[in-house]
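> Handing you a structure now.
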Amino acid sequence: MPANTMSQPSKTQSGQTERSIRLQTETRTGIAPAADAQKIIEILDLKYFYGNVRALHGISMDVKKNEVVAMIGPSGCGKSTLLKSINRIAEVSTDVHTEGKILLGGENVYDPAMDITELRRRIGMVFQKPNPFPKSIYENIAYGLKIIGGFAKKQVDEIVERSLKQAAIWDEVKDRLDKNALGLSGGQQQRLCIARALATEPEVILMDEPCSALDPISTQKIENLIDELKPKYTIIIVTHNMQQAARVSDRTAFMMLGKLVEFDATSKIFTKPADKLTEDYITGRFG
Amino acid sequence: MAEAIIESMPLSRQVRTNPAAKNADAAARVAITAVAVFALAIIFLILIFIFKEAKDVFFDAKKRDQVLPTLFMMPANENQAVWTPISKNPKYSLMPMLLGTLKTTLVAMFIAIPISVLAAIYTACFAPRWVREIVKPAIELLAGFPSVVLGFFALIAIAGFMQRLTGADYRLNAIVGGIAVSLTAIPIIFTIAEDALSAVPKAMQEASYGLGATEWETAFYIVLPAAYPGIFAGILLGLGRAFGETLIVLLAAGNALIVSWDFLVPTKTLTATIGAEMGEVVYGDTHYNVLFLIGVFLFVFSVIINSIAEFYVKGRLMKKFSGAA
Ligand SMILES: Nc1ncnc2c1ncn2[C@@H]1O[C@H](COP(=O)(O)OP(=O)(O)OP(=O)(O)O)[C@@H](O)[C@H]1O
Ligand SMILES: [Mg+2]
């Protein structure tokens, strides 16, 4: 088959051929074909390097729209790295390079033509440690809107209120929106950070151990929150807490040493995992 | 037998066999306290000394009548000198040198603040790490330059350049002096501002990038406001350095006690006046006392600036990063 035909994917081809052709197409910013429509994220043979050290050894997985995917695995296996590779946040402070692709709605996020700021707006992130800005609660939420620009004060007010309500923290802060966000408790700060991520209506929300610094009640609130967000958002959550993964997620990915060992429905992973390593891990035999 | 006992006890319960180590802690504490007290005592003694040498201006009736009426006197016309401490009819007006200090300091800060703050923002927020590793020590090295070298450089190089640029009648003036003085303030402001900017937690910057902000937006909306108290402190300390600078202005500002807002006429500052005249003054004379009075001014002013820098920054930074609502 001549090369120029290869680079012109045709709608009549099967999904399988379609994808293999897309892998070879360097720049492609069109809309995803119908077969992939509900796959909002597709990770294709992703290798990730910190300097010369390889942290991810070729990961392939996909995330469907309005799905909650949990990522579990022993410390250092690359969960955070995988998460950060999706919105390309690691590269602001570290020397990294990647091979492979991550498609967000069909667009390769590692395409040189990709607008990274645009990408990061489409993918919200909640970090392991709450990291509010040393600004007022209101300004924290409004910051993302300020970055987009062009909102009237009234619209901003509405979005701030809506986001704080979505993140189940409105009642606790509505009387002190002008107070410094650092005065909130850790659990409140984390919900504020979730609200901050929700304000700009991202398509996907990445959460890196969002509850690891929180008490059980705050954790409970955030888990409930994830359930409530599910109809509108797609969520990928890294957690060390098996119960949490089992409670909140539809599918669970188990990683080890930079590889994806098993990725399947959460109920299946936690009841009859296909891989011996997964079984050993979830039953606490190592990790 | 002893060995058996030692073996039977956990290591944490065993008696130290090195009593010196036990006492070293206490000794170090005493030594450090002593040094701190000594340093404070010296500062306090200097303060007492300056005040003592200046006090006759207020407490000796004859000197008081001589000095106080002329202390803030303005010249009646362009040619009247208001600082004539060794004439028959002495005048002791500080106006020309206050104005001189004000002018050179203004020029110095006008140059130093934008340069050093922008350089700090660049190195802390935009420069690749290797650039930062070169630029920071290089600028800090400037702080160690002997001011006589900077003064000489200003006298020879900056003065000629500025005269060609401005067409001023006098080679040496407040602008030339101020430019040279800015070279002493820049490294101070830069270092402190850069530290303050670099101290802003990375996590906050990640949060900003994560929301789709650019490097510029992150630097100006997040990092700069968070570092503002530290930058302000750096500016205050730079200010203290600028107005306390003596040798450079002595060499490069022209040394004329003229009451004028013209920045292009020769200028003498408070510090330069002390520097130039202290060597030849008659010990215990009124002139001598007034020079020390100038010293008191300088001392008080620098204490005020430094305290504001210290307390303002401590207070604000604590609040910012520890989270008092
Ligand atoms: N900034 C970095 N520079 C160099 N190596 C890194 C960096 N960040 C992570 N790594 C390495 O990449 C590997 C994966 O790290 P990652 O943080 O993704 O693990 P993780 O699964 O999130 O672990 P944890 O559960 O402890 O958070 C580790 O071996 C780690 O040492
Ligand atoms: Mg991690």
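The values are calculated or read from the model by the stated rules, or taken from the named source; none is laboratory data. Quantities reported herein were computed from a predicted structural model and do not represent experimental measurements. Cβ coordinates were reconstructed from backbone atoms using ideal geometry, including for glycine residues, and neighbour counts include every protein chain displayed. When the accessible area is computed, the model is the full protein with side chains, heavy atoms only, and any ligands, DNA or RNA have been set aside. Shrake-Rupley method; radii C 1.70, N 1.55, O 1.52, S 1.80 Å.
> Any idea which of A:Gly51, A:Gly30, A:Gly73 is at pLDDT 90 or above and among the small types (Gly, Ala, Ser)?
Only one candidate passes the filter, namely A:Gly73.
> Let me ask something else. Hey, can you tell me all the residues within segment A:110-143 that are more than 17 Å from A:Asn87 (Cβ to Cβ), more than 9 Å from chain B (Cβ to nearest Cβ) and in contact with a strand residue (DSSP E or B) (Cβ under 7 Å, 6 or more places away or on another chain)?
Of everything in segment A:110-143, just one residue is more than 17 Å from A:Asn87 (Cβ to Cβ), more than 9 Å from chain B (Cβ to nearest Cβ) and in contact with a strand residue (DSSP E or B) (Cβ under 7 Å, 6 or more places away or on another chain), namely A:Ser136.
> Could you pull out the residue among B:Leu224, B:Leu211 that is open to solvent by 30 Å² or more (accessible area, probe 1.4 Å) and within 30 Å of A:Leu145 (Cβ to Cβ)? Give the derivation first.
Working: B:Leu211 fails: open to solvent by 30 Å² or more (accessible area, probe 1.4 Å).
On inspection, the qualifying residue turns out to be B:Leu224.
> In segment A:269-281, is there at least one residue being more than 15 Å from ligand 2 (Cβ to nearest atom), open to solvent by less than 20 Å² (accessible area, probe 1.4 Å) and either of a type in the set (Ser, Thr, Tyr) or within 14 Å of another protein chain (Cβ to nearest Cβ) (or both)?
yes
> A further question follows. Among the residues of segment B:38-50, are any assigned to a loop (DSSP other than H, G, I, E, B), within 28 Å of B:Val259 (Cβ to Cβ) and outside the structural domain of B:Gly295 (by TED's automatic domain parsing)?
no
> Sticking with this structure for a sec: Would you check which residues across segment A:231-248 are more than 16 Å from ligand 2 (Cβ to nearest atom), part of a loop (DSSP other than H, G, I, E, B) and over 13 Å from the mean Cα position of the chain (by Cα) and list them?
The answer is A:Pro231, A:Lys232.
> Next question, about the same structure. Would you tally the residues in segment A:107-128 being within 16 Å of ligand 1 (Cβ to nearest atom) and at pLDDT 90 or above?
Qualifying residue count, segment A:107-128: 3.
> A:Ala213 is checked against (1) part of a helix (DSSP H, G or I); (2) among the small types (Gly, Ala, Ser); (3) more than 18 Å from the chain's Cα centre (by Cα) and fails just one. What number does that condition carry?
All conditions pass for A:Ala213, except number (1).
To keep it simple, each residue is scored yes or no on (1) within 14 Å of chain A (Cβ to nearest Cβ); (2) in a helix (DSSP H, G or I); (3) on the phi < 0 side of the Ramachandran plot.
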{"residue": "B:Ser208", "(1), (2), (3)": "yes, yes, yes"}
{"residue": "B:Gly212", "(1), (2), (3)": "yes, no, no"}
{"residue": "B:Thr218", "(1), (2), (3)": "yes, yes, yes"}
{"residue": "B:Ile222", "(1), (2), (3)": "yes, yes, yes"}
{"residue": "B:Pro225", "(1), (2), (3)": "yes, yes, yes"}
{"residue": "B:Leu250", "(1), (2), (3)": "no, yes, yes"}
{"residue": "B:Gly279", "(1), (2), (3)": "no, no, yes"}
{"residue": "B:Tyr283", "(1), (2), (3)": "no, no, yes"}
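> Within segment A:209-230, which residues are within 16 Å of ligand 2 (Cβ to nearest atom) and surrounded by fewer than 21 Cβ atoms within 10 Å (Cβ to Cβ)?
Across segment A:209-230, the qualifying residues are A:Ser212, A:Ala213.
> For segment A:129-208, which fully contained helices (runs of 4 or more DSSP H) count at least 3 residues that are open to solvent by 60 Å² or more (accessible area, probe 1.4 Å)?
Qualifying helices (runs of 4 or more DSSP H): A:137-148, A:153-166.
> Turning to a different aspect of this structure: Scan segment A:87-94 and tell me whether some residue there is near ligand 1 (Cβ under 8 Å from one of its atoms) and open to solvent by less than 10 Å² (accessible area, probe 1.4 Å). Before you say what the answer is, go through the steps one by one.
Initial filter on segment A:87-94 (near ligand 1 (Cβ under 8 Å from one of its atoms)): A:90, A:93-94.
Narrowing further to those that are open to solvent by less than 10 Å² (accessible area, probe 1.4 Å): A:90.
Yes, segment A:87-94 has at least one match.
> Identify, please: which residue in segment A:51-66 is loosely packed, with under 14 Cβ neighbours inside 10 Å and part of a strand (DSSP E or B) and is, among those, farthest from ligand 2 (Cβ to nearest atom)?
Checking each candidate, the answer is A:Ser60.
> Check A:Gly73 against each of (1) away from ligand 1 (no atom under 12 Å from the Cβ); (2) touching a Lys or Arg at 6+ places or on another chain (Cβ under 6 Å) and name the one condition it does not meet.
A:Gly73 satisfies every listed condition except (1).
> Going by the structure shown, is B:Ile86 surrounded by 15 or more Cβ atoms within 10 Å (Cβ to Cβ) and either at negative phi or not in a helix (DSSP H, G or I) (or both)? Working first, answer last.
On the way: surrounded by 15 or more Cβ atoms within 10 Å (Cβ to Cβ): no; either at negative phi or not in a helix (DSSP H, G or I) (or both): yes.
The answer is no for B:Ile86.
> Would you confirm whether or not segment A:67-89 contains a residue that is in a strand (DSSP E or B) and away from ligand 2 (no atom under 16 Å from the Cβ)?
Yes, there is a match, as at least one residue in segment A:67-89 is in a strand (DSSP E or B) and away from ligand 2 (no atom under 16 Å from the Cβ).
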